[in-house]
1. Any chance you could count how many residues in segment 186-232 are of a type outside the set (Ser, Thr, Tyr), open to solvent by 50 Å² or more (accessible area, probe 1.4 Å) and not in a helix (DSSP H, G or I)?
2. Select from segment 341-364 the residues that are without any contact (Cβ under 8 Å) to a residue 60 or more places away in the chain, over 18 Å from LYS2 (Cα atoms), of a type outside the set (Val, Ile, Thr) and open to solvent by less than 100 Å² (accessible area, probe 1.4 Å) and list them in ascending order.
3. Only one of these is polar (S, T, N, Q) and touching a Lys or Arg at 6+ places or on another chain (Cβ under 6 Å): THR190, THR204. Name it.
4. What is the number of the single condition among (1) more than 23 Å from LEU35 (Cβ to Cβ); (2) surrounded by 16 or more Cβ atoms within 10 Å (Cβ to Cβ); (3) touching a helix residue (DSSP H, G or I) at 6+ places or on another chain (Cβ under 8 Å) that ASN165 does not meet?
5. For the list (1) touching a residue at least 24 places away in the same chain (Cβ under 8 Å); (2) farther than 21 Å from ALA81 by Cα; (3) small (Gly, Ala, Ser), I need the number of the one condition that GLY67 fails.
6. Can you spot a residue in segment 147-154 that is open to solvent by less than 10 Å² (accessible area, probe 1.4 Å), within 22 Å of the chain's Cα centre (by Cα) and closer than 22 Å to SER79 by Cβ?
7. Would you kindly identify the strands (runs of 3 or more DSSP E) lying entirely within segment 25-82 that contain at least 3 residues that are buried (at least 18 other Cβ atoms within 10 Å of the Cβ) and among the hydroxyl-bearing types (Ser, Thr, Tyr)?
8. Give segment 96-108 a look and list any residue that's surrounded by 16 or more Cβ atoms within 10 Å (Cβ to Cβ) and not β-branched (Val, Ile, Thr), or say none.
Amino acid sequence: MKIQTPYYLIEEKSLLNNMKKIAYVQKASGAKFVLALKCFSTWCVFDLMSKYMDGTTSSSLYEAKLGYEKFGKEVHAYSVAYPKEEITELKKFADKIIFNSVSQLNKFYPLVKNKNLGLRINPKISYSHFDLADPARKYSRLGVINKKEILKNLDKINGAMFHFNCENEDVDNLEKSLEYIGKNYKELLTKIDWVSFGGGIYFTKSGYNLKKFAKILKEFSQRYSVQIYMEPGESSITQSAKLVTTVLDIVKNEKLTAIVDSSIEAHMLDLLTYHTPAKMTKQKNAKYEYIVAGRTCLAGDIFGTYKFNKILKPGDTVTFDDAAGYSMVKMNWFNGVPMPAIVVKRLNGKTEVVKKFTYKDFINNLS
């Protein structure tokens, strides 16, 4: 089946590998797992994911509505700050509403006091390779720091969220962090029903000690008699999708650059934001080096430098790996470059083009 590039190719078989790891930890620990829609909202595969996950968590009203309508199961709503109209809408269908501050909790409590409410806590510890994504960075606005304020408002909340990780692949570090949280927030934990440890824990990475991960969660849950929630985004969909592109031209300025019919600025923006190259499977006997760049006018629209096992020419296919997380949710119309189609290879082997973007989508996105 010939599909016009560029397109994202989601492989359900690879996605299922992550779901099975989640299922193992669920069973072994008793923890519940809700999909972080800020990372991945491509609902054409929610039928598969909802068989293994317990629901969704959101960062806005639109994400929460998407989870409610397309995923089902539990709907967790969180926002750094809610406008009144969003709270009014959310209370109709959200199972849990989590506030980022005590001021917002108190402001909206009269409207949602009959709901299951939570408060985000900033434990002043974190694990992140990037300051930009560090939840406990200096002057962070994410979560409540003042313990007296937290305890003063215990009668208003049922649970708490500690989202303090970003790409944490170190299970020993996680263990120490939960020990710290248990020790420093015991008075809170023993009086609430549930606690969320957010996302950013890379437990589906190859070689990660899932058995120890499950043991840590189970012991914490039992020690404080709380239901644990995890909010995986990247870990839910890691290595489950590719971005397939075609070489349009080869140019040379000291080094050879292959220009493809895609754009890191428009189609893999998260990588440009964090200054990390797109991933590509290493080829055997690769000796021909190229910079691979996007087709927009942005000088830094560059996927990275790679080696290939043949001389590239226009018409050749170039495929980037691990392209699901923070790509489709962030793709944009910069330069009017067509958005990649969304293609799914189902478990039965059938390949399905589920979404194509056209000029009509471009003009309807503007005014």
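The values are calculated or read from the model by the stated rules, or taken from the named source; none is laboratory data. Keep in mind that this is a model prediction, so the values were computed, not measured. Note that we place each Cβ from the backbone using ideal geometry, even for glycine, and neighbour counts take in every protein chain shown. For accessibility, only protein heavy atoms count, side chains too; no ligands or nucleic acids. Shrake-Rupley method; radii C 1.70, N 1.55, O 1.52, S 1.80 Å.
1. Final tally of qualifying residues: 6.
2. Scanning segment 341-364 gives ASP361, PHE362.
3. Exactly one residue qualifies, and that residue is THR204.
4. (1)
5. (2)
6. No, segment 147-154 contains no residue that is open to solvent by less than 10 Å² (accessible area, probe 1.4 Å), within 22 Å of the chain's Cα centre (by Cα) and closer than 22 Å to SER79 by Cβ.
7. Because the criterion is at least 3 residues that are buried (at least 18 other Cβ atoms within 10 Å of the Cβ) and among the hydroxyl-bearing types (Ser, Thr, Tyr), the strands (runs of 3 or more DSSP E) in segment 25-82 that meet it are 55-58.
8. Within segment 96-108, LYS96, PHE99, ASN100, SER101, GLN104, LEU105, PHE108 qualify.
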